[in-house]
1. Straight-line reach from K122: which aspartates and glutamates have Cα under 12 Å away, leaving out those fewer than 8 places along the same chain?
2. Once the piece of chain linking S75 and K121 is laid out straight, how much longer is it, given 0.36 nm per residue of separation minus the C-alpha distance between them?
3. Return the label of the correct value of semi-axes √(5λ) of the Cα gyration tensor in Å, as calculated from the structure shown, out of (i) 23, 21, 14; (ii) 36, 16, 13; (iii) 24, 17, 13.
4. What do you get for the angle between helix 74-92 and the principal long axis of the chain? Use alpha-carbon atoms, 0 to 90 degrees, nearest ten.
5. What lysines sit close enough to K68 to cross-link, taking a C-alpha to C-alpha distance under 21 Å and skipping anything fewer than 8 places away on the same chain?
6. Given a 10 angstrom Cα cut-off, can you work out which residue in R108, R12, R87 is the most mobile in a GNM of the chain?
7. Mind checking the angle between helix 44-56 and the chain's longest principal axis? C-alpha axes, 0 to 90 degrees, to the nearest 10.
8. Pull up the DSSP beta bridges for the chain and report the antiparallel fraction as a percent, rounded to 5.
Amino acid sequence: MVEINQYRGTGRRKTSVARVILVPGNTGVEINGKEMGEYFGGREILHRIVEQPLVLTETLNKYKVKVKVSGGGNSGQAGAIRHGIARALLMTDETLKPALREAGFLTRDSRMVERKKYGKKKSRRSPQFSKR
């Protein structure tokens with residue numbers, strides 16, 4: 001049985017959760033069984049967001065990135081994948097931590113949608129007021 005080194009990381013943003021596996025050797029990003037270009041379509045900004053930690057640490061051509069992501073929309077999923085990749089890179093080499101921390105890739109973005117309150121139309125929007 002041949003054992004391949006794998007580095008795992010979990011990333012979260014809004015309601016998205018991404019489970020990331022870095023496999024040394026090959027290159028490319030595979031999201032839910034599809035290539036990144038196919039998964040995100042033509043949205044180049046989402047490609048850049050996903051690759052940011054790899055570009056920063058100069059490891060873009062060292063790892064094959066396999067991702068299973070669920071929940072949320074495209075933007076939240078891209079942010080979750082970036083967080084997961086950064087955490088997985090930390091498993092490969094602890095010396096990358098200051099650079100990743102400085103760029104803010106290790107910080108979980110805690111912003112969530114505010115819940116709707118009773119008596120309101122949305123979380124803060126009140127019904128229209130009329131004096132008469």
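Where a number appears in this text, it was derived from the coordinates with a stated rule and is not lab data. Just so it is clear, the structure is predicted and the values come from calculations on it, not from any experiment.
1. Within the straight-line limit of under 12 Å, K122 reaches these aspartates and glutamates: E114.
2. So the extension gain works out to 14.0 nm.
3. (ii)
4. That helix lies at roughly 40 degrees to the long axis.
5. Straight-distance partners of K68: K14, K34.
6. R108
7. 50 degrees
8. 75 percent
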